[in-house]
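Reviewing the structure listed below.
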Amino acid sequence: MNEKHLLPIGSVVLLRESNKRIMIVGRLQRQTDTEKLWDYSACYYPEGIIDPTDLFLFNHEQIEATYFIGFQDFEELEFQGLLISKYHELRKADSV
């Protein structure tokens, strides 16, 4: 993950070794069966969420290309600060 921010909701990216773009719909997601923490959850773009149980979980470093950066306003930028703090807190707890 970029230490300064996570991409906003609505961002469209392509993952390495993939040929289908996806759209970010969640950040700091914990996988329920393994408790693993992921940077993002996403759905196919442009299809959207077809089945809520069929989302992609991935980390920032898996992104090969960014096609669109989601909406950013004061509220998003403020939330970014909270996300980064929470990210470091969760990563530290996971490494213990």
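The values are calculated or read from the model by the stated rules, or taken from the named source; none is laboratory data. Source: prediction; values computed, not measured. Methodologically, a virtual Cβ is constructed for each residue, glycine included, from the backbone with ideal geometry; neighbour enumeration extends over all protein chains shown.
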Lone qualifier among PRO52, PRO46 - being over 17 Å from GLY70 (Cβ atoms) and in a loop (DSSP other than H, G, I, E, B)
PRO52
In the set LEU83, LEU77, the lone residue that is over 15 Å from the mean Cα position of the chain (by Cα) and assigned to a helix (DSSP H, G or I) is LEU77
Can we say PRO46 is under 22 Å from LEU14 (Cα atoms), over 14 Å from the mean Cα position of the chain (by Cα) and at pLDDT below 95?
no
Any residue that is of a type in the set (Asp, Glu) and modelled with pLDDT of 95 or more - is there at least one of those in segment 18-37?
no
Could you tell me whether any residue of segment 72-95 is β-branched (Val, Ile, Thr) and modelled with pLDDT of 90 or more?
no
Residue among LEU28, LEU55, LEU7 that is crowded, with 16+ Cβ neighbours inside 10 Å and in contact with a helix residue (DSSP H, G or I) (Cβ under 7 Å, 6 or more places away or on another chain):
LEU28
Mind checking which residues of segment 31-47 are among the polar types (S, T, N, Q) and surrounded by 15 or more Cβ atoms within 10 Å (Cβ to Cβ)?
SER41
Has segment 59-72 got at least one residue that is free of Cβ contacts under 8 Å to residues at least 60 places away in the same chain, hydrophobic (A, V, I, L, M, F, W, C), closer than 24 Å to ASP94 by Cα and surrounded by fewer than 17 Cβ atoms within 10 Å (Cβ to Cβ)?
no
